[in-house]
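**Q** To start, I am sharing the structure in question, which I have written as structure tokens.
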Amino acid sequence: MPLASQNTKGPCFWCIKVMKWVPVLFIMTIVAWSYYAYVIQLCFLTVDSLMVKILYLIFYHISLAMFLWAYWQTVFTDIGRVPQKYRIPDVCHEQLLRAESAEEQHNILEEYSKNLPNVNVNINGAVRYCDKCRCIKPDRAHHCSVCGECVLKMDHHCPWVNNCVSFTNYKFFVLFLGYALLYCIYVALTALPYFIAFWNGKLSGVGRFHILFLFFVAVMFAISLISLFFYHCYLVSENRTTLEAFRAPIFRTGEDKHGFSLSRYNNFCEVFGDDPKKWFLPIQSSLGNGIEFPLNLHQQRTYRSMECTQNGLETNS
Ligand SMILES: [Zn+2]
Ligand SMILES: [Zn+2]
């Protein structure tokens, strides 16, 4: 970003930018406190058996490390940006502004996009265009009003990670939900015997309140994560984004919520990749480039027959 444009941003801009990190800070504070409550108060000061202590700590640190790794990747992976070839040159933009009718604008965009691999159209059957970014939207890309630009295969903007969940970090996001859920369930189950001991009056000292709250907070977060995690597992199995679950993608033949859905296994591989060794690690392994997506058989046949008709018309003329 040029220095000049940074200088023009007022204090309000920086204030909002800082405020957006508050939910992330909140999560990190909860995690830091849960670490203290689990490791110091529960394992070191409450658990009697050395063997149980060691086992608790080993599995705790593994689940915490996986959870934080996936969270880090979700927060700090850059969004997928629209490539330059989708951006409308100034000349074309001026033509759009000068156009006297929506149909004329439609023709200009149609002409410009004919070499792009797009299959999705807008609700009027026209090329999907973002006026704010001055670009033709690649398939499954949407404009995020928080990020202020079009994002490839946008799922939703998540304030808890202060980032757009999209093509580049969707796998990390699903893993983050899964590992966070695992972390909460593990903490709740291992703290349960001591939680019961608290109610039976067998725990003493101030530390017992940490264990009490640790159990409550773990159960509370597990309940809120479980539906979100399984909903995203369902979306992965259907090869659908959250936005597409609300409004199905539109093809030349109309809406088709299964338009990008392949087999269940292939849908899973689209997000998690085809190498099982990388499936459960928060490292990049999603298939494709975020711009072109394989279509289901029905859409493939439709586009093939449309291409044949088009080629036939061109040959005849
Ligand atoms: Zn945009
Ligand atoms: Zn966003």
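**Q** May I ask which of LYS132/LYS171; LYS171/LYS277; LYS153/LYS257; LYS85/LYS137 have a Cα-Cα span longer than 18 Å here?
**A** Where the Cα-Cα span goes over 18 Å, the pairs concerned are LYS132/LYS171.
**Q** Tell me, what is the 1.4 Å probe accessible area of ARG128, in Å² to the nearest 10?
**A** 30 Å²
**Q** Leaving ligands, DNA and RNA out of it, report the carbon-plus-sulfur percent of the accessible area of region 69-149 at a 1.4 Å probe.
**A** Details: 2200 of 4590 Å².
Of the solvent-accessible surface of region 69-149, carbon and sulfur hold 48 percent.
**Q** Can you tell me the length gained on complete extension of the stretch GLU100 to MET51, counting 0.36 nm per residue apart and subtracting the Cα distance?
**A** 9.8 nm
**Q** What do you reckon, how do TYR234, TYR194 stack up by accessible area (1.4 Å probe), largest on top? All intermediate terms of the calculation are to be shown ahead of the outcome.
**A** Working: TYR234 105, TYR194 45 Å².
Listed by decreasing accessible area, they come as TYR234, TYR194.
**Q** Right, another one. Work out the charge dipole of the chain with +1 on the Cβ of Lys and Arg and -1 on the Cβ of Asp and Glu about the Cα centre, then indicate which of HIS93, TRP69, TRP33 is farthest towards its positive end.
**A** TRP33
**Q** Okay, next question. Ignoring ligands and nucleic acids, what accessible area does LEU175 show with a 1.4 Å probe (Å², nearest 10)?
**A** 10 Å²
**Q** Next question. What Kirkwood radius, in Å to one decimal, follows from the Cα pairs of region 164-272?
**A** On the way: mean 1/r = 0.0606 Å⁻¹.
Radius from the Kirkwood sum: 16.5 Å.
**Q** Could I ask something else about it? Can you give the extra length, in nm with one decimal, that the chain gains between ASP131 and ILE27 once fully stretched, where that is 0.36 nm per residue apart less the Cα-Cα distance?
**A** The ASP131-ILE27 span can extend by a further 33.9 nm.
**Q** Largest first, how would THR253, THR77 line up by accessible area (1.4 Å probe)?
**A** Values: THR253 85, THR77 25 Å².
From most exposed to least exposed: THR253, THR77.
**Q** Starting from the Kirkwood Rh over alpha-carbon pairs, what translational D in µm² s⁻¹ does the chain have by Stokes-Einstein at 4 °C and 1.567 mPa s?
**A** Roughly 57 µm²/s, to the nearest whole number.
**Q** To continue, here is another question. Sorting TRP33, TRP21, TRP72 by accessible area (1.4 Å probe), largest first, what list results?
**A** So the residues, ranked largest to smallest area, are TRP72, TRP21, TRP33.
**Q** Give the carbon-plus-sulfur fraction of the accessible surface of region 243-284 in %, rounded to a whole number; probe 1.4 Å, heavy atoms of protein chains only.
**A** Reported share for carbon and sulfur atoms: 57 percent.
**Q** Can you work out the accessible area per residue across the chain, with the rest of the protein chains kept in place, probe 1.4 Å, in square angstrom?
**A** Result: 56 Å² of accessible area for each residue.
**Q** Shifting gears a bit: Mind computing the radius of gyration and Dmax over the alpha-carbon atoms of region 19-112? Å is fine for both.
**A** In order Rg, Dmax, the Cα atoms of region 19-112 give 27.1, 81 Å.
**Q** A follow-up question, please. Taking only the alpha-carbon positions of region 166-225 and ignoring solvent, what does the Debye formula give for the base-10 log of I(q)/I(0) at q = 0.12, 0.17, 0.18, 0.25 Å⁻¹?
**A** For the requested q values the scattering log ratios are -0.38, -0.60, -0.64, -0.93.
The values are calculated or read from the model by the stated rules, or taken from the named source; none is laboratory data. Just so we're clear, the structure is a prediction, and the values are computed from it rather than from any experiment. Neighbour counts are summed over all protein chains in view; Cβ atoms, including those assigned to glycine, are modelled from backbone coordinates with ideal geometry. In case anyone asks, the SASA skips ligands and DNA or RNA and just uses the protein heavy atoms, side chains included. Shrake-Rupley method; radii C 1.70, N 1.55, O 1.52, S 1.80 Å.
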